[in-house]
Amino acid sequence: MTSPSLPEQARRLPRLASPARLSTAQRRRLADLALAGVLLLALALRFYRLDGSSLWSDEGNTWALVQRSWGQIARDAAVDIHPPGYYWLLKLWAGLFGSSAAGLRSFSALLGAALVGLVYAAGRRAAPGIGLALTAALLAAVNPFQIYYSQEARMYMLLAVAGAGLFWALLAWFDREGAGRGVAGPALGFVAAGSLGLWTHYSFPILLSAAGLAYLWHWRGLLAASRHPTRSLTLFTLANLAVVGSFIPWLPTAVARVLAWPKGGVVAAPAAGIRLTLHMLLFGPLRDLPDPTWPWLAAAGLLPLLGLAALARRGQGVALGLWLLAPVALMFGLGLFSDAFLKFLLIASPAWLLLIAAAPGLLPWPNAGRGLLIAGAALLAALTLPAYFAGPNGRDNYAGVARYIAATGDPRTDLVILDAPGQADVWRYYDPGLPILALPGQRPPDAAATQAALEAAVAGKRQLFALFWATDEADPQRIVESWLDQHAFRGLESWQGNMRFVVYTRPQALTCAELTPPAAFGDALDLLAHCQPHQPQTVASGQTALVALRWRASAPLPARYKVSVQLLDARRQVIAQHDAAPAGGARPTDTWAAGEIVDDNHGLTIPPGTPPGDYTLIVAVYDEASGARLATSGGDAYTLGPVGVVRPARPVSAGVAPIRVRVGRSLGPVTLVGYDLHRKGFSHAPQTPLQPGDLVHVTLLWQAPDPLPAAWPGDLRFSLRLGSQTLTDPLAGESYPTGQWQAGELVRGEFDLPFDGSGDRPRLEVAGDELRLQRLPR
């Protein structure tokens, strides 16, 4: 018996149905499966690392409000700029899922997935078939703007859901009227979404206005076709009256709050405003963006216009266009282009994505166009979301600051200063147990009362941990910061999101070294003395070295100068540095009179992990505009003396040690906690482009295993390759080989690598394990 030929076997195989041969039921099942997959993706991205970033100030206010009674929530909302609807719903939610960061944010995460579903539903109404709807839903599922606010315990995702629900109901209304069917269901949906929106945020009337204009365009068609226009208009009017009627109890309060609230936005020129709008719709507030951004911005502006053209023959296109443009018009009309208000554009995001998804309808092969859109959205998500999920500074990092203070502070001798009382609620959530002073106590701040409160509170204190946030509104005259700069030593300073964290140390007994003759800087500036707690000074890594300088101008100074105090290792690498105008900026040098003496305090926080040993303290003075240093007898800096660095009695944990890029990966027997790399001398501006001939400064933060293995090497080395350049060195330099490390110790190494332009992504290798570092700016 002969076997059938291959063509015969092929004829006997069951044939897969082509899309054109699928039955209606099969098509519906495939559409349902595809939508389920998109919704699962949306849920995964919105719930992933939901508490990975800290609650920030406004979320702290949310947390505080949901702890209160229903009536108290309403009373507190009546003096705020938000109605109480979101807080009431969140209080119900928190009763089931708790008021932790993850518990509170999970409400927004679920709403974010619901928004993806509403985008799909609106897309089904905007055009026949599932192509547009499914593409728009997938774009929404991976959109960074929507993901960011789906992970925030604020009302903006609920606002976007209400807006999407309103326009879905409106599009369904148009469809059903066009088919001669009843509109009771869409009308009820319109009333429910409209009422929810009004009780959620005071900006929602702009969407009601857009919906009204879209309806008038639709009604014009009904009038022309004589399809019961009067009955339709009456029903739409009644639906809007029902929406407004549901808000009547709160309407007087809403009007009063909106009229009384101070204006805090920024007016933008048309081009700048459009760019900010597209930037927000694409990336949201994310900080790590693809470079360059202009191709993305160009596509973000062009594709919706093509989508409008594709839907030009359908009334739904007018509705989507008004849905998109109304919030943008609000931003321009009220001058709201500032960080505090750009999130209002979230209500335009669904319409923007729907119009983008409509653009391939102009092509003869729309499915290929949709595939390109989905590929582009996936690429954008891959370029932006990993850094957002991994980094601690996706929002103001109060959690990280609290952990740092818990590790280094002492409730008996230290104080936390909140410069903006609005931070008090979020700080209570993370409170590490130190006493708190929230100043200024009123707006506008009273300088005398604020300074008196500071003087009383810091008496007898050793360290002051200051959190500066929204200072333009809370303390525009910098009363708190100026007083601290003049009465304490500024040390560690770092941006934690939009919050600036500064550690001050109060001066104790200082020993002064009078300089005879004074050290001359240039022709008209003399250093008369320098004071330290001890000479030579000894300080533990993670703590602050104190230096008080006494200056005298022998003649009026022609420019503004900054003072740079630096701690150098044996290789002249800068280990710690503090640059500031004298007296923390309170005494600019071009205001000094001849013969005037100015006291100038500097604090150098020794980075955690700095190897123990002997270091050199120097001071330099440079022109603030040009960067040119003033000459001294020893070159361009004056040596103040030695400083000894010792291991801390209470080591700082790896999780709170400041480092720009966190890794947490094992390389050979050690863990690379993180690293920093930038053009040498530009630590303050790490994105400064490099040119061939520059030096790349590299900081590597390591952690030894605990316990140390029996085969722990005495001189473990790394190799760092950049193009044709290779650096091989001990992990922390020759002065502190691994044989001297202790179990679990954090150790920091500082290195320079020449940049010849032949590569832009360094490769780090230890004991055969390799890691590619971030690409260098060029």
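Side notes on the structure shown:
- Single residue of the stretch 426-469 satisfying the filter (modelled with pLDDT under 90 and open to solvent by less than 30 Å² (accessible area, probe 1.4 Å)) that is farthest from Leu55 (Cα to Cα): Pro445
- Qualifying residue in the stretch 323-331 (condition: among the aromatic types (Phe, Trp, Tyr) and more than 23 Å from the chain's Cα centre (by Cα)): yes
- Unique residue being closer than 21 Å to Arg650 by Cα and not hydrophobic (A, V, I, L, M, F, W, C) when the list is Pro705, Pro689: Pro705
- Set Ala254, Ala210: member being more than 30 Å from Leu776 (Cβ to Cβ), surrounded by 12 or more Cβ atoms within 10 Å (Cβ to Cβ) and in contact with a Leu (Cβ under 7 Å, 6 or more places away or on another chain): Ala210
- Leading residue by the ranking (least open to solvent (accessible area, probe 1.4 Å)) among those in the stretch 719-733 that are without any contact (Cβ under 8 Å) to a residue 40 or more places away in the chain and part of a strand (DSSP E or B): Pro730
- Residue in the stretch 605-627 that is closer than 23 Å to Pro709 by Cα, outside any loop (DSSP other than H, G, I, E, B) and in contact with a strand residue (DSSP E or B) (Cβ under 7 Å, 6 or more places away or on another chain) present: no
- Complete set of residues in the stretch 575-631 that are within 29 Å of the chain's Cα centre (by Cα), farther than 30 Å from Arg647 by Cβ and surrounded by 21 or more Cβ atoms within 10 Å (Cβ to Cβ): Gly584
- Pick from the stretch 390-414, criterion out of contact with any Ser or Thr (no Cβ under 7 Å at 6 or more places or on another chain), of a type outside the set (Phe, Trp, Tyr) and part of a helix (DSSP H, G or I), ranking: most open to solvent (accessible area, probe 1.4 Å): Arg403
- Any chance Gly714 is outside any loop (DSSP other than H, G, I, E, B) and loosely packed, with under 15 Cβ neighbours inside 10 Å: no
- For the stretch 738-753, taking the residues that are in a loop (DSSP other than H, G, I, E, B) and either open to solvent by 30 Å² or more (accessible area, probe 1.4 Å) or among the acidic types (Asp, Glu) (or both), the one that is nearest to Arg650 (Cα to Cα) is identified as Glu745.
- Which listed residue is open to solvent by 50 Å² or more (accessible area, probe 1.4 Å), farther than 24 Å from Ala381 by Cα and assigned to a helix (DSSP H, G or I), from Leu302, Leu276, Leu320, Leu308: Leu308
- Within the stretch 217-251, the set of residues being outside any helix (DSSP H, G or I) and surrounded by 11 or more Cβ atoms within 10 Å (Cβ to Cβ) comprises Arg227, His228.
- Checked against the criterion of being farther than 22 Å from Leu115 by Cβ and of a type in the set (Ser, Thr, Tyr), the stretch 285-298 contains one or more residues that satisfy it.
- In the stretch 557-574, the qualifying residues are those that are in contact (Cβ under 8 Å) with a residue 24 or more places away in the chain and open to solvent by 30 Å² or more (accessible area, probe 1.4 Å), and the one that is farthest from Gly733 (Cα to Cα) is Pro558.
- Subset of the stretch 372-389 that is at pLDDT below 95, touching a helix residue (DSSP H, G or I) at 6+ places or on another chain (Cβ under 9 Å) and not hydrophobic (A, V, I, L, M, F, W, C) - its residue that is least open to solvent (accessible area, probe 1.4 Å): Thr384
- Checked against the criterion of being open to solvent by less than 10 Å² (accessible area, probe 1.4 Å), closer than 21 Å to Val116 by Cβ and touching a Lys or Arg at 6+ places or on another chain (Cβ under 7 Å), the candidates Leu159, Leu166, Leu171 yield just one match: Leu171.
- Within the stretch 51-96, the set of residues being among the polar types (S, T, N, Q) and surrounded by fewer than 19 Cβ atoms within 10 Å (Cβ to Cβ) comprises Gln67, Ser69, Gln72.
- Checked against (1) without any contact (Cβ under 8 Å) to a residue 40 or more places away in the chain; (2) open to solvent by 70 Å² or more (accessible area, probe 1.4 Å), Asp676 passes all but condition (2).
- Among the residues listed as Gly400, Gly369, Gly441, Gly394, the single one being within 30 Å of Pro651 (Cβ to Cβ) and touching a helix residue (DSSP H, G or I) at 6+ places or on another chain (Cβ under 8 Å): Gly394
- Just so you know, in the stretch 767-778 the residues that are part of a strand (DSSP E or B) and in contact with a Lys or Arg (Cβ under 8 Å, 6 or more places away or on another chain) include one that is least open to solvent (accessible area, probe 1.4 Å), and it is Leu771.
- Some residue of the stretch 536-550 being part of a loop (DSSP other than H, G, I, E, B) and surrounded by fewer than 23 Cβ atoms within 10 Å (Cβ to Cβ): yes
- Total residues in the stretch 283-299, condition crowded, with 16+ Cβ neighbours inside 10 Å and under 21 Å from Gly497 (Cα atoms): 6
- Failed condition for Ser57, given (1) at pLDDT 90 or above; (2) of a type in the set (Gly, Ala, Ser); (3) over 17 Å from Val426 (Cα atoms): (3)
The values are calculated or read from the model by the stated rules, or taken from the named source; none is laboratory data. Everything numeric in this text was worked out from a predicted model, so none of it was measured. Ideal geometry is used to build each Cβ from the backbone, glycine not excepted, and the neighbour counts take in all protein chains shown. We work out accessible area using only protein heavy atoms, side chains counted, and drop any ligands, DNA or RNA first. Shrake-Rupley method; radii C 1.70, N 1.55, O 1.52, S 1.80 Å.
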